Amino acid sequence: MDLTSLAGSGANGGDLVKDTTTAGFMTDVIEASKTQPVLVDFWAPWCGPCKQLGPTIEKVVREAKGAVKLVKMNIDEHPAIAQQMGVQSIPAVFAFADGRPVDGFMGALPESQIKEFIARIAGPSAAEAGLEEVLASAQAAFEEGDAAGAAEIFAAVLQEDRENIAAIAGLARCLISSGELDRAQQTLALAPPDKEDDPLIAGARAALELAEQTAELGDLGELAAKLEADANDHQARFDLALALNARGDREDAVNHLVEIVRRKRDWNEEAARKQLVQFFEAWGPTDPMTIEARRKLSSVLFS
């Protein structure tokens, strides 16, 4: 799957840089800036710093893929606008948004500073905004039960950016839900070393560990029967909680673990409480079940 087809193609690079005139300024800059930020580069052929700035700012604008447009105005041929704006030295660059100038700079800035200037004016680039939309659509598909469709989208993002943390974690969760635990482990290994503790990666890793734990559990009915025979069989209750969570019954899983804490808090070195914490990490801190489970656990711990 081509990520470009998912996020929408960027603006045509040829449309991002153009020359204008005094007569065209209203259309090319004022009106255009009402839908997209426009940079105006006032320059002249005799200006040495202009020759330095010109190629660099054009390069950065094209690399921004539609975040801004660049309009160039030769003040030797069209001096009126520069005079009206009080331009006293060139190169001078002004950023227009919503039909008015909002920022600017003078002189031949280095490429890094031009990028910072554009980022400040335009905010997230069109490509970044499109990527966020793609990732959101993948997450929505996963939450609706379409793990295969979500995995395809996450994989497409990784083809473009192999270190995208959200895509790595998302694809790993899709593979976990499909029972492909080895592939999920390989996917999580793509995370850069400095991102291994990122909440998204940590959450996916916790989900993988849960899946690996439940792979060795017995039949759900057998576990329930053991617990019915002996309500203090904490191991059976613990294993039943893991099995229930694996089948999507998170509420009952939480209730069983909280019950272990209530009956014997220090059982197996507080295994039930620690398992709940692992659930919280796998589900995420803002998940409604995490919030509810934390409330239940606190009511027992501090009663």
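The values are calculated or read from the model by the stated rules, or taken from the named source; none is laboratory data. Just so you know, these numbers come straight off a predicted model, no measurement behind them. So basically every Cβ, Gly included, is an ideal-geometry build from the backbone, and we count neighbours across all protein chains shown.
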Quiz item: Only one of these conditions is not met by G145: (1) more than 30 Å from R173 (Cα to Cα); (2) among the small types (G, A, S); (3) not assigned by TED's automatic domain parsing to the domain that holds F25. Which number is it?
Solution: (1)
Practice problem: Might you let me know whether the stretch 138-154 holds any residue that is farther than 23 Å from T56 by Cα, in a helix (DSSP H, G or I), among the charged types (D, E, K, R) and at pLDDT below 90? | Solution: yes
Quiz item: If we scan the stretch 120-136, do we find a residue that is surrounded by fewer than 17 Cβ atoms within 10 Å (Cβ to Cβ), among the acidic types (D, E), farther than 30 Å from D28 by Cα and assigned by TED's automatic domain parsing to the domain that holds K195?
Solution: no
Quiz item: Which of the residues that make up the stretch 226-282 are aromatic (F, W, Y) and touching a residue at least 60 places away in the same chain (Cβ under 8 Å)?
Solution: F279
Quiz prompt | Conditions (1) assigned by TED's automatic domain parsing to the domain that holds I165; (2) assigned to a helix (DSSP H, G or I); number of the one not met by R237 | solution = (1)
Quiz item: Being under 30 Å from L208 (Cα atoms) and of a type outside the set (G, A, S), is that true of even one residue in the stretch 78-85?
Solution: no
Quiz item: Are any of the residues in the stretch 156-168 closer than 30 Å to P49 by Cβ, crowded, with 18+ Cβ neighbours inside 10 Å and touching a residue at least 40 places away in the same chain (Cβ under 8 Å)?
Solution: no
Exercise. Examine the stretch 103-117 for a residue that is closer than 19 Å to T35 by Cβ and surrounded by fewer than 21 Cβ atoms within 10 Å (Cβ to Cβ), and state whether such a residue exists.
Key: yes
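When residues of the stretch 155-207 are filtered for being part of a loop (DSSP other than H, G, I, E, B), in contact with an Asp or Glu (Cβ under 9 Å, 6 or more places away or on another chain) and closer than 19 Å to V277 by Cβ, how many remain?
Number satisfying all stated conditions: 0.
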Quiz item: In the list L257, L210, L240, L217, which residue meets the criterion of being modelled with pLDDT of 95 or more and within 28 Å of A184 (Cα to Cα)?
Solution: L257
Quiz prompt | Residue under evaluation V93, criteria (1) surrounded by 21 or more Cβ atoms within 10 Å (Cβ to Cβ); (2) at pLDDT 90 or above; (3) of a type outside the set (K, R); (4) part of a helix (DSSP H, G or I), criterion not met | solution = (4)
